[in-house]
Ligand code: FES
């Protein structure tokens with residue numbers, strides 16, 4: 001069974017100026033090409049307060065079917081109280097394939113663009129203070 005994910009691409013002013021719409025389109029294309037639209041949702045994200053590091057992308061997951069339904073309509077922020085999230089910075093359209101393959105298909109952190117300040121690189125999904133998802 002394929003894991004579920006929500007990929008949120010910031011549509012705030014600064015990220016948009018840094019072509020976050022191209023990033024979002026690239027993710028949408030990948031999801032469509034792989035036939036994963038039931039399992040991976042690409043959505044707009046609000047400003048994450050990391051405006052100088054855009055385009056910023058918050059990947060939520062792997063999550064359960066139930067969480068997937070719950071988080072579908074919510075604009076989540078990265079943080080210790082929510083679901084498994086990972087913030088990626090400076091994600092251009094050219095980075096999407098590798099990030100997607102690594103995080104959403106291989107279920108591994110994509111280290112090159114993972115946000116360093118909030119990330120624990122010893123954990124598969126990086127969030128500080130959280131153990132492995134497996
Ligand atoms: S505009 Fe994207 S993080 Fe603020």
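The values are calculated or read from the model by the stated rules, or taken from the named source; none is laboratory data. All values reported here derive from a predicted model rather than from experimental measurement. Cβ: placed from backbone, ideal geometry, glycine included. Neighbour counts: every protein chain shown.
Filtering the range 91-114 down to residues that are in a loop (DSSP other than H, G, I, E, B) and crowded, with 20+ Cβ neighbours inside 10 Å, which residue is modelled with the highest pLDDT? Spell out the reasoning first.
At the first step, the residues of the range 91-114 found to be in a loop (DSSP other than H, G, I, E, B) are 91-92, 106-110.
Remaining after also requiring crowded, with 20+ Cβ neighbours inside 10 Å: 91, 109-110.
Values: 91: 98, 109: 90, 110: 93.
Step by step, filter the range 91-114, then rank; the result is 91.
Residue under question is residue 63, and the condition is that it be more than 16 Å from the ligand (Cβ to nearest atom) and crowded, with 16+ Cβ neighbours inside 10 Å; does it hold? Full working, then the answer.
Working: more than 16 Å from the ligand (Cβ to nearest atom): yes; crowded, with 16+ Cβ neighbours inside 10 Å: yes.
Judged against the criteria, residue 63 is a match.
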TODO: Select from the range 36-66 the residues that are within 16 Å of residue 17 (Cβ to Cβ) and in contact with a strand residue (DSSP E or B) (Cβ under 8 Å, 6 or more places away or on another chain) and list them in ascending order.
DONE: 44, 45, 46, 47, 48, 50, 54, 55, 56, 57
Task: Selected residue [surrounded by 14 or more Cβ atoms within 10 Å (Cβ to Cβ), part of a loop (DSSP other than H, G, I, E, B), more than 16 Å from the ligand (Cβ to nearest atom) and modelled with pLDDT under 95] from 130, 134, 73 - done: 130
Open item on the list: Just to be sure I understand, how many residues within the range 1-53 are surrounded by fewer than 14 Cβ atoms within 10 Å (Cβ to Cβ), in a helix (DSSP H, G or I) and away from the ligand (no atom under 14 Å from the Cβ)?
Closed with: 2
